[in-house]
């Protein structure tokens, strides 16, 4: 089981209960390459009846959400005619009645399911349903970022281990240019990540894609690096501002500051100096 994804599920359940006041939330991941989802994370439950419960796509409420790749809800689980009832015993032991199941969908594939539940028979309001969907979207965003970080780290490792026969002008192979492009995209994405822990993890992974700061003594601020990464990819100040959610004048200010620190006078010189210092890939 993906430990990082499991952590994201658990954190989302905490946020879901906090934002809605639901007494119970639980969830789990869809097994890799299979149609089954295993419940692993419980929050607010009174028993372990749901833990490690394996839900097959199409069966029960969660299985229906997996099969349809959309949220599903019932007001009275045991009496609902909209779902099958393979898991009634486990649900009854926990005393659940009104339940919502929201799939976590990444690149059109269901990766997990978040559940929220009441122990009374009453409709779940729009606010609760919206909060459950938002919690699932948070997990989706986190998984997309983690997937991309893992892909980039693997690419960087392969580039370092097997440099191409035809190096680029700076001695790097063509594959390294892909790493540079991805590094730029990740640095532009990082400021938009609401979760500070995930944002810090993403930036740390960006650091692993560089050669690491050398003994230049140069320290650039995170936003200066963000701007330089975009400039290195050929972006104009206007495009850089749009990618980073800044004003064009602010971008110019960060660029001027980076130039002063690196002792350069042009955009090209600044990018080259940042690469020599190990600040950019």
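Every number here is computed from the coordinates shown, using simple stated rules; none is lab data. Owing to the predicted nature of the structure, the values given are computational and were not obtained by experimental measurement. Every residue, glycine as well, gets a Cβ built from its backbone with ideal geometry; the counts of neighbours run over all protein chains shown.
In the chain, how does Rg compare with the Kirkwood Rh, expressed as the Rg/Rh ratio over alpha carbon atoms?
Checking Rg against Rh, the ratio lands at 1.12.
Is the range 210-281 rounded, prolate or oblate when judged by the Cα gyration tensor, a ≥ b ≥ c being the square roots of its eigenvalues, rounded requiring a/c under 1.5 and prolate requiring a/b larger than b/c?
Prolate.
Rank by packing, highest mean first: peptides 264-274, 76-86, with packing defined as the count of other Cβ atoms within 10 Å averaged across residues.
Taking the mean over residues of other Cβ atoms within 10 Å, the ranking is 264-274, 76-86.
What is the angle, in °, between the Cα long axis of helix 267-276 and the longest principal axis of the Cα atoms in the chain? Nearest 10 is fine, range 0 to 90.
For 267-276 against the chain, the angle is about 70 degrees.
At a 10 angstrom cut-off on C-beta neighbours, averaged per residue, how do the peptides 4-10, 98-104 rank from highest to lowest?
Per-residue mean Cβ counts within 10 Å order the peptides as 98-104, 4-10.
With a ≥ b ≥ c taken as the square roots of the eigenvalues of the C-alpha gyration tensor of the range 1-110, please select rounded if a/c is under 1.5 and otherwise prolate if a/b is larger than b/c or oblate if it is not?
rounded
I want to check the label-to-label distance for residue 248 and residue 92. Put each point 7 Å from Cα in the C-beta direction and report it in nm to one decimal.
6.9
Between 0 and 90 degrees, rounded to the nearest ten: what's the tilt of helix 174-189 against the longest Cα principal axis of the chain?
So the helix axis and the longest Cα principal axis differ by about 60 degrees.
On a 0 to 90° scale, report how tilted helix 3-20 is relative to the longest principal axis of the chain, with both axes built from alpha carbons and the result rounded to the nearest 10.
On a 0 to 90 degree scale, this one is about 60.
What FRET efficiency comes out for residue 239 versus residue 67 if R0 is 41 angstrom and r is the Cβ-Cβ distance? Round to the nearest 0.05.
Rounded to the nearest 0.05, the efficiency is 0.45.
Under a plain spin-label model, where a point goes 7 Å from the Cα along Cα-to-Cβ, how far apart in nm are residue 208 and residue 154?
1.3
Applying a 10 Å radius around every beta-carbon, put 50-63, 240-253 in order of their mean neighbour count, most first.
Sorting 50-63, 240-253 by mean packing, highest first, produces 50-63, 240-253.
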